[in-house]
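Peer 1: Below you will find the structure I want to go over with you.
The values are calculated or read from the model by the stated rules, or taken from the named source; none is laboratory data. Just so it is clear, the model here is predicted, and its values are computed rather than measured. When we count neighbours, we look across all protein chains shown, and the Cβ atoms used for this are built from the backbone with ideal geometry, even at glycine. We work out accessible area using only protein heavy atoms, side chains counted, and drop any ligands, DNA or RNA first. Shrake-Rupley method; radii C 1.70, N 1.55, O 1.52, S 1.80 Å.
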Amino acid sequence: MTATSTNSAAPGDIPHPPTNRENHVTTGATVWLTGLPSAGKTTIAYELAGRLREEGHLVEVLDGDEIREFISAGLGFSREDRHANVQRIGFLAELLARNGVKVLVPVIAPYADSRAAVRKRHQESATGYLEVHVATPVEVCSVRDVKGLYAKQAAGELTGLTGVDDPYEAPESPDLRIESQDQTVQESAASVYALLSERGLA
């Protein structure tokens, strides 16, 4: 007896090779990690990105420095320019998220109205959006000083540093608040992952 494959192509059909598309999770969402410079936003984002990719999610991390270089070149650090920068990032994040990508945005976004406008954009397209406040105190951030910004500000070489001599409007009701100084990077990323799961986004 000859076995017949149920996957045999009919005459004239073009056979298609198997793909691994079924291994990809296609529910998109934006996770915006806001907080002071050196709060730990980017470190947490990349830790979370690694876990999500291992599970088959499509993930992009929108790094603030890269956005400034390639998309927002020419913008300064006035309130208007900061707002414009956040809106550009918000547009890109929503575009990716509604097409199935988990978008992690470790960007300061110091003004409440700018963040509210980004959330509204996501709501209007029914795209998942989470705001995570990485609430590391400025005293801790200034010791970490990953980019040397606090040292430059203290030496009078830099002005307009968010949270020091430029305002940071902390979220009043974020979806999650992380005290990164009290837990490991892995624990912080796990708390964001837990929130995604709770909201049906992971």
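Peer 1: In region 141-150, which residue that is among the hydrophobic types (A, V, I, L, M, F, W, C) and part of a helix (DSSP H, G or I) is surrounded by the most Cβ atoms within 10 Å (Cβ to Cβ)?
Peer 2: Step by step, filter region 141-150, then rank; the result is C141.
Peer 1: I need the full set of residues from region 24-54 which are at pLDDT below 95 and either aromatic (F, W, Y) or not in a strand (DSSP E or B) (or both), in order please.
Peer 2: Passing the criteria: H24, T26, T27.
Okay, residues lined up against (1) within 15 Å of the chain's Cα centre (by Cα); (2) farther than 17 Å from G35 by Cα; (3) acidic (D, E):
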residue: R82; (1), (2), (3): no, no, no
residue: I89; (1), (2), (3): yes, no, no
residue: A93; (1), (2), (3): yes, yes, no
residue: A97; (1), (2), (3): yes, yes, no
residue: G100; (1), (2), (3): yes, yes, no
residue: V107; (1), (2), (3): yes, no, no
residue: A112; (1), (2), (3): no, no, no
residue: R121; (1), (2), (3): no, yes, no
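Peer 1: Next question. Name the pairs: first residue in region 97-117 and free of Cβ contacts under 8 Å to residues at least 40 places away in the same chain, second residue aliphatic (A, V, I, L, M), Cβ to Cβ under 7 Å, at least 6 apart or on different chains?
Peer 2: From residues that are free of Cβ contacts under 8 Å to residues at least 40 places away in the same chain, the pairs are S114/V86.
Results for (1) farther than 19 Å from T162 by Cα; (2) of a type outside the set (F, W, Y); (3) surrounded by fewer than 17 Cβ atoms within 10 Å (Cβ to Cβ); (4) modelled with pLDDT under 95, shown as yes or no for each residue.
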site: D65; (1), (2), (3), (4): no, yes, yes, yes
site: A84; (1), (2), (3), (4): no, yes, yes, no
site: F91; (1), (2), (3), (4): yes, no, yes, no
site: L96; (1), (2), (3), (4): yes, yes, no, no
site: V107; (1), (2), (3), (4): no, yes, no, no
site: R121; (1), (2), (3), (4): yes, yes, no, no
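Peer 1: With the condition kept exactly as written, say whether any residue in region 157-165 is modelled with pLDDT of 95 or more and among the hydroxyl-bearing types (S, T, Y).
Peer 2: Yes, region 157-165 contains a residue that is modelled with pLDDT of 95 or more and among the hydroxyl-bearing types (S, T, Y).
Peer 1: Checking G160 against (1) farther than 22 Å from I178 by Cβ; (2) part of a loop (DSSP other than H, G, I, E, B); (3) open to solvent by less than 40 Å² (accessible area, probe 1.4 Å); (4) in contact with a Lys or Arg (Cβ under 6 Å, 6 or more places away or on another chain), only one condition comes out false. Which one?
Peer 2: All conditions are met except number (4).
Peer 1: Quick one: Q153 ticks every box in (1) in contact (Cβ under 8 Å) with a residue 60 or more places away in the chain; (2) surrounded by 19 or more Cβ atoms within 10 Å (Cβ to Cβ); (3) not in a strand (DSSP E or B) bar one, so which box is it?
Peer 2: So the condition that Q153 fails would be (1).
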